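Computed from the coordinates by the stated procedures, all read-outs in this text should not be read as laboratory data. As the structure is a computational prediction, the values presented were derived from the model and not from experiment. Counting neighbours? That spans all protein chains shown, and the Cβs are built from the backbone with ideal geometry, glycine included.
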Amino acid sequence: MKIITVKDPLAGGKAALDIFKAAKERGVKTFGLATGGTPETTYAELVKSDLDFQDCVSINLDEYVGLPADHDQSYAYYMHEHLFKAKPFAASYLPNGMASDLATECARYDQIIADHHVGLQLLGIGRNGHIGFNEPGSPFDGTTHEVALTKSTIVANARFFDREADVPKQAISMGIGSIMQADQILLEAYGEKKADAVAKMVQGPVTETVPASILQRHPDAIVIVDEAAAAKLK
Ligand code: F6R
């Protein structure tokens, strides 16, 4: 794992832009993308940059179950607002959280992943070490699946909703096995609330109890952390 420590999320976004630029230069055509607070500075840098993704495909990690794409807390809406409206891709895929048959939707998404090999996968990390919505205990070889969100994730995401009760209880997430297939993985983590998870991911045992710890076994994983998130690294 390569660790890049930066002063703050703004500097992190700039460091991430360099990694996206390098990926474009070596011909990456499929980008795995994440949502949440963490990648906002990265998307702002991509939007300001001269990078063009019109010959590329994006595949997002996850989506809430039960929120339509035009709901302002859906990940489809987030991606449109933060990136796609300024930087369109040839095709952009997210799981359909409104699908009537979630098992069929998961299989459809796995086929999309199989058809487009991800060259660079962007990730955030949950306070409990989750990646995507792969909560602690998720199998390292998992594919796309339906997830019951943990209480800690619901509480963490409540800041984006009017009330905690409005946070969906389920999501569809790409599995850890699929995430690990990406040629390169870039995980960003900012703020003191991520310091424990970052230390466990980088220096703890590789265990399904800390899903992100599997990145220790990826041949090309880069972690961008700010000083607060790096505070518990030895
Ligand atoms: C989002 C995702 C999640 C987030 C994680 C951190 O697509 O897959 O794993 O990356 O929950 O969220 P933030 O960035 O809001 O702290």
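Brief remarks on what is shown
Listed here are the residues, each with its yes/no results for (1) more than 16 Å from GLY177 (Cα to Cα); (2) in contact (Cβ under 8 Å) with a residue 12 or more places away in the chain.
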{"position": "PHE89", "(1), (2)": "yes, yes"}
{"position": "SER100", "(1), (2)": "yes, no"}
{"position": "TYR109", "(1), (2)": "no, yes"}
{"position": "ALA114", "(1), (2)": "no, no"}
{"position": "VAL118", "(1), (2)": "no, yes"}
{"position": "GLY124", "(1), (2)": "yes, yes"}
{"position": "ARG127", "(1), (2)": "yes, yes"}
{"position": "GLY137", "(1), (2)": "no, yes"}
{"position": "ALA148", "(1), (2)": "yes, yes"}
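- Selected residue [part of a helix (DSSP H, G or I) and over 17 Å from the mean Cα position of the chain (by Cα)] from LYS87, LYS24: LYS24
- For MET180: the one exception among (1) more than 12 Å from the ligand (Cβ to nearest atom); (2) under 21 Å from ALA69 (Cα atoms); (3) in contact with a Phe, Trp or Tyr (Cβ under 8 Å, 6 or more places away or on another chain): (2)
- Residue ID - surrounded by the most Cβ atoms within 10 Å (Cβ to Cβ), chosen from residues in the range 146-168 that are among the charged types (D, E, K, R) and touching a helix residue (DSSP H, G or I) at 6+ places or on another chain (Cβ under 7 Å): GLU146
- Elements of the type helices (runs of 4 or more DSSP H) sitting completely within the range 131-234 and holding at least 2 residues that are more than 21 Å from ASP8 (Cα to Cα): these cover 151-157, 176-180.
- For the range 29-38, the condition holds for at least one residue, the condition being that it is aliphatic (A, V, I, L, M), outside any helix (DSSP H, G or I) and within 15 Å of the ligand (Cβ to nearest atom).
- Consider the range 39-76 and keep the residues that are part of a loop (DSSP other than H, G, I, E, B) and among the acidic types (Asp, Glu). The one that is farthest from the ligand (Cβ to nearest atom) is ASP50.
- For the range 99-126, taking the residues that are in a loop (DSSP other than H, G, I, E, B) and either of a type in the set (A, V, I, L, M, F, W, C) or surrounded by fewer than 17 Cβ atoms within 10 Å (Cβ to Cβ) (or both), the one that is nearest to the ligand (Cβ to nearest atom) is identified as ILE125.
- Of all residues in the range 127-176, those being over 26 Å from SER100 (Cβ atoms), among the hydrophobic types (A, V, I, L, M, F, W, C) and within 9 Å of the ligand (Cβ to nearest atom) number 2.
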